1. Can you give me the Cα centroid spacing of the stretch 66-82 and the stretch 144-159 in angstrom?
2. What list of whole percents do you get for P(r) of the stretch 170-254, with Cα-Cα distances grouped in 10 Å bins up to the one holding the largest distance?
3. Along each of its three principal axes, how wide is the spread of alpha-carbon positions in the stretch 237-354, in whole angstrom units, largest first?
4. Hey, if you put +1 on the Cβ of every Lys and Arg and -1 on every Asp and Glu Cβ in the stretch 239-354, which of Asn313, Ile275, Gly342 ends up farthest toward the positive end of that dipole?
5. Given a cut-off of under 8 Å on Cα pairs at least six residues apart, what relative contact order in percent is computed for the stretch 242-354?
6. Pull up all non-local amide H partners of Lys2: gap of 5 or more, or a different chain, and H-to-H distance under 5 Å with H placed in the peptide plane.
7. Quick one: 3J(HN,Hα) in Hz for the stretch 134-141, Karplus 6.51/-1.76/1.60 with θ = phi - 60°, rounded, Gly and Pro as x.
8. Could you work out how far the C-alpha centroid of the stretch 113-134 sits from that of the stretch 243-277, in angstrom?
Amino acid sequence: MKLASLKSGRDGRLVVVSKDLQRYLFAAEAAPTVVGGPTAPTVVGGPSGPNTLQAALDDWSNARPALEELTARVEAGEGKAFDQANCASPLPRAYQWADGSAYVNHVELVRKARGAEMPATFWTDPLMYQGGSDSFIGPRDSIPMADEAWGIDFEAEIVVVTDDVPMGVSAEAALDHIRLIMLVNDVSLRNLIPGELAKGFGFFQSKPSSAFSPVAVTPDELGDAWRDGKLHLPLLSALNDEPFGKPDAGIDMTFHFGQLVAHAAKSRPLGAGCIIGSGTISNKLNDGPGKPIADGGVGYSCIAEIRTIETINNGKPSTSFMQFGDRIRIEMNDASGASIFGAIDQVVEKYEGP
């Protein structure tokens, strides 16, 4: 099942999208479905059905049958033409957005480039920060930035969306709480990060609004590519229309998504619609740093990583961070080459102020 939110108000309008991303039906168009016994029937769907993705996640067990009925109809040819440019992020705002760093190779390289030792615990206990979730931007919206000197970088990642997760859940049980999977461009302002970390209180200004893929999909939609809490497919990124990265998201992932969700829920429950990120996808090459695609490698999922490798090899970076007018495209294809989530396709734009 594939779901999207067309731009409408603060929280979008939920639609069910065909597998080929060509057609959609509004979730509220679902035929009413009666669930429960004769003494306590509940009607789901129709005009009172979930009109937003958050509403569907809040009552997933009842909303899913109506959404699956719509999926059958849209696959049979019903619906209007789907245009990814009309999409907000599937959750235009969320109660929780926590991003991990499951690809420890990426962390190790970044620290090595600045001469910092990596604690051994990074291999056994996930890193995670709490991001801003009140102002996600659409997958085809521009990235507004006031200053190029902030060190504008993209980060191509995978995220999962949960239902209600109890505090103290095990990593294995946490996998059963994953309802949807998406892609994200977790924008980072690299030149603001050192100052913030020096305060010892985490990211804030250095992590502006993120953008998620046009479409969110249920795990069953991914077939064998989704296994062991990992998505085993290459994540593609192109910077200014040039291939930049194609690392396999199932390789070198130190912590699977069950472990990341469990980590987030160690001391608090997670509410339905919680988004948990993988961190920047990063692959090693023969137990060493990866190589650019042009040199026969799988490239990178952010500019910072190629800069770290340039620093390690040459003593200084040579690749610049993003400038006004630069374009980033992030996408994942299935084994046949068809886009699964649609594409995040954004241009950095000068922000002139309110």
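1. 36 Å
2. Taking every Cα pair in the stretch 170-254, the percentages come to 14, 33, 34, 19, 1.
3. So the three principal-axis extents are 48, 44, 36 Å.
4. Ile275
5. After rounding, I find 20 percent.
6. Val17
7. 9, 8, 5, 10, x, x, 10, 7
8. Result: 13 Å between the Cα centres.
The values are calculated or read from the model by the stated rules, or taken from the named source; none is laboratory data. All figures in this text were calculated on a predicted structure; none of them were measured in a lab. We place every Cβ from the backbone using ideal geometry, glycine too, and count neighbours over all the protein chains shown. These accessible areas exclude ligands, DNA and RNA; they are computed on the full protein's heavy atoms, side chains included. Shrake-Rupley method; radii C 1.70, N 1.55, O 1.52, S 1.80 Å.
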